[in-house]
Structures are given as structure tokens and as C-alpha cells.
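Following: one structure in C-alpha cells, then a few remarks.
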Amino acid sequence: MYLKVKVPENQNTTRICMFKQLAPIALATLAYSNCSIATEQQVGKQWFNSIDYTYLEHDDYNSDGYQLVSHYYFEEQQNSGVLDDYGYLDTDSNIRVNYFNTDSTDYLGMFGEGYYKNWFVTGEIYDIDDADNYTVGVGYLFADALKVSVNKNEREYGDDYWRLKAQYNHQINEKDYLGFTAETDDELDYWNISARYFNHLSGSQYITVDVGHQDSVYDSASNAMLSYYFGNHYAIGAGIDDSELVLQGKYFFNDQYYVTANYTERGSGELYNLRFVAQF
């Protein structure tokens, strides 16, 4: 929706003159900004923070929710060429805290992953509506390319179960990669597979392709997303989520801050999501 404002002719003339005077300055500033971001893209980050707001507009009801996430790595992470991709595999010790709240659900979780040479251990404690649950696991990293783990999930309400997970990263060249993830439980009632393709086209142009499928005894769903990065500051994407349309846009202010906006069709409703990210 666009808002039209009628401006008197004398003000139009003044603004045209001002535009002619300011245009060279604006172009110079934009050129500097692009150069600055290209340089900053090489700077490593360790602390990633985000806040999400989600709004569901349905024919019968409306609801909203928000999420806060803070993720810290004990070693600097280098991006793959765009400012929201830092490689497919986590191979350094890290901790994460996240809080999620909606009209019907309250969630608080803490996660940690610690490495000793190629071995790593994981632990997670999470509280869902006053139900305390936790997960512990152990895994091994093969040649910085294949990561496998086994985890025990203990739930206050419900059956405990084991979870098996494997991730593989195929580094095509210095920037391009192809990553795969497969996950299932000990009874094979639930399984999830996903893949990501990251490709540097030229200059500041990149594309990413994400696909996934999840299956359980209750339901199954597939998703796919194609994203295009251009001009250092911008990225757009389109895809499907369980056969519903998804549209996405991103704007990078600099190497530390960016915003993401999503629109998703959701049955007889529409889902809107806005995310702000700060990384240091």
C-alpha cells in the first residue's frame, strides 16, 4: 500500500533543486557504504542476537508472538560471503539462550555445545509451560566435514527417547558448499532431512537454495526456499512451506545489523514475521 502526498508546485521546484545538489553526496555515501560492507564482510563475529515478532491473521482468530535469541561462540565465525551465513556446520564450542512467547505457549531454553579435539558434548534444558525437559548428547566431528551425534531426550510429561543426527558439508570451492542433515529418533517414528546449497555467482551476488522434509506418525511437511543476494545490502527470496507460499526480504544496514521480513500463506490465514538481528 502506497501513501500519496500532493506537493505544491513551488515546493516541487525547490525539492528538485535540493535533489540535484544532494545527489552527488548521496551517491558518494552509497559507494562508501558498499565498499565498507564489502570490507566488513571479512570481519569475524562471535555473538549473535535476534528478536522476532510474528503475527497470524486468520479468518476466525488472530494471534501473535515474539522470540528472543542470544547465541555466543567461543571462537570467531567467518561468514561465507553474505552477512547472515557463517558456514553449514557448527564446529566450535557455543552456548545459546532463547525465549519464545505466544498467546498459548511460554518457552525458555538454554543450549550448550563443547568441543574437545574432535569430540563434542551437548546439553539443553528447556521449560515449556512449566514442564521441565532436558537433553544430553555426545558426538564426533570427522575432518571438519561430517558431524554425527546421539542425544537422550528426557521429558517431564511424555516418553523419553533417543535422537540420532548426522550433518555433512561438501565444500565445493572457497565459498560454495552443499550441506545435508538427517535426523531421526530411536524408533524411526520421526525423521527430518534437509539440504542447503550456497553459491557465489559474481561480485556481491549469491544464491542459496534450502529444501527440507519432515515426517512423523502424525503428519508430514516439505519446504523449499530460493534466496538471491545482491548489492551487499539486499536479499529477496521465495518458496513454499507445506505447499503454502513464502516471500522473504532482507536489508543489511552494515555488518552488525540487519532485518528480515517474511510473509507466509497459512491455510485460510496469513502469517507475518519481522526479525531484527545484531551480531558482534
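The values are calculated or read from the model by the stated rules, or taken from the named source; none is laboratory data. Because the structure is predicted, anything quoted here is derived from the model rather than measured. Every residue, glycine as well, gets a Cβ built from its backbone with ideal geometry; the counts of neighbours run over all protein chains shown.
When the residues of the stretch 193-231 are narrowed to those that are polar (S, T, N, Q) and buried (at least 16 other Cβ atoms within 10 Å of the Cβ), which ends up nearest to Leu247 (Cα to Cα)? Across the stretch 193-231, the extreme among qualifying residues is Ser227. Check whether at least one residue in the stretch 247-256 is more than 29 Å from Ala143 (Cα to Cα) and either β-branched (Val, Ile, Thr) or at pLDDT below 95 (or both), and report yes or no. Within the stretch 247-256 (the criterion being more than 29 Å from Ala143 (Cα to Cα) and either β-branched (Val, Ile, Thr) or at pLDDT below 95 (or both)), the answer is no, since none of the residues qualifies. Residues that are in a loop (DSSP other than H, G, I, E, B), touching a Lys or Arg at 6+ places or on another chain (Cβ under 8 Å) and free of Cβ contacts under 8 Å to residues at least 40 places away in the same chain within the stretch 75-89 comprise just one, Asn79. Listed by position, the strands (runs of 3 or more DSSP E) inside the stretch 177-280 whose residues that are of a type in the set (S, T, N, Q) number at least 2 are 177-185, 191-202, 205-215, 220-230, 257-266, 269-279. What's the number of the condition Ala238 fails, among (1) closer than 21 Å to Gly65 by Cβ; (2) surrounded by fewer than 19 Cβ atoms within 10 Å (Cβ to Cβ); (3) modelled with pLDDT of 95 or more; (4) touching a Leu at 6+ places or on another chain (Cβ under 8 Å)? Answer for Ala238: the failing condition is (1). For the stretch 103-121, the criterion of a residue being surrounded by 18 or more Cβ atoms within 10 Å (Cβ to Cβ) and either part of a loop (DSSP other than H, G, I, E, B) or at positive phi (or both) is satisfied by no position.
Close contacts from the stretch 48-74, counting a first residue that is in contact (Cβ under 8 Å) with a residue 40 or more places away in the chain and over 17 Å from Arg96 (Cα atoms) and a second that is of a type in the set (A, V, I, L, M, F, W, C) and surrounded by 15 or more Cβ atoms within 10 Å (Cβ to Cβ), with Cβ to Cβ under 9 Å and a gap of 6+ residues or different chains, come to Thr54/Leu271; Tyr55/Leu271; Leu56/Leu271; Glu57/Leu271; Ser63/Leu56; Gly65/Leu56; Gly65/Phe100.
Which residues, counting only those in the stretch 137-167, are of a type in the set (Lys, Arg) and either more than 23 Å from Tyr177 (Cα to Cα) or part of a loop (DSSP other than H, G, I, E, B) (or both)? Hits for the stretch 137-167 are Lys152, Arg155, Arg163.
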